[in-house]
Amino acid sequence: MGWMPAQGRLAAGLLVNLAASICIVFLNKWLYVRLGFPNLSLTLVHFAITWLGLYLCQALGAFAPKSLRAAQVLPLALSFCGFVVFTNLSLQSNTIGTYQLAKAMTTPVIVLIQSLAYGKSFPLRIKLTLVPITLGVFLNSYYDVKFNVLGTVFATLGVLVTSLYQVWVGAKQHELQVNSMQLLYYQAPMSSAMLLFIIPFFEPVFGEGGIFGPWTLSAVIMVLLSGVIAFMVNLSIYWIIGNTSPVTYNMFGHFKFCITLLGGCLLFKDPLSVNQGLGILCTLFGILAYTHFKLSEQENSKSKLVQRP
């Protein structure tokens, strides 16, 4: 997109991320609800296409792979595999609203892990923003008419493993001196190999309901499209953050959050009560407050560095 002006490239990048992020949620939900496509098998397709996409990117010079030992990446691959599987199971078992709001609990859990395991301290105002986030998620989940124990278990495991993965990614990037794409380049094929071993124990491989079952051509196309969109989501996130600022991406993320919730009501007839609406507003308030305070901290840190002689 070098021929486009800077504002045009930014707008195009934001539109790609908006479309891909929303499409992946609705398309996956459609594959689970309408086709009954197996969860782990869909995750395997996503990993395989993500690795293929990254392989093409490095071949085109988008990034340079860095040699890493398998033992260095194994814990990340396990957690990477776990968080995608559990979040997909959460999407399969819950309404889109509950699925989206459960993901917001990742922030409080990350703060807890970093405080307990890494001794990191957080200002009181940051900790206070976690109260409305947690309260909003609880309100929405409690009053969700499709509330079920299994969906809650999957959502909880998804949040725990996702939080652990994100903490480890930050630590490993600093430790190994690699960027996100270099790390993902090694994680994706390793996670795919793990799933290839696990799938036969939990899902049929051949026959009705299996990944190599008698799927129609349209179903195969939709599954492959889901994998391509999953890759586009990751790639567009890196591009936006690298070419704009955290403010742009975070505020844009809140916009996607609202559209996804609205789409769940319109496309899948997910009911939304008044109490759930209050829960959503409460969570959004907490997220916006957290984002504001974190970005203020970053700006203050930058100002101090600039003022140093």
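Numbers at a glance
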| read-out | value |
| --- | --- |
| Accessible-area composition of the stretch 43-98, carbon plus sulfur, in percent [1.4 Å probe] | 69 percent |
| Solvent exposure ordering (accessible area, 1.4 Å, most first) of Lys29, Lys66, Lys127 | Lys127, Lys66, Lys29 |
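The values are calculated or read from the model by the stated rules, or taken from the named source; none is laboratory data. Since we're looking at a predicted model, the values are computed, not measured. For the accessible areas, the whole protein counts, side chains as well, though only heavy atoms, and no ligand, DNA or RNA atoms are used. Shrake-Rupley method; radii C 1.70, N 1.55, O 1.52, S 1.80 Å.
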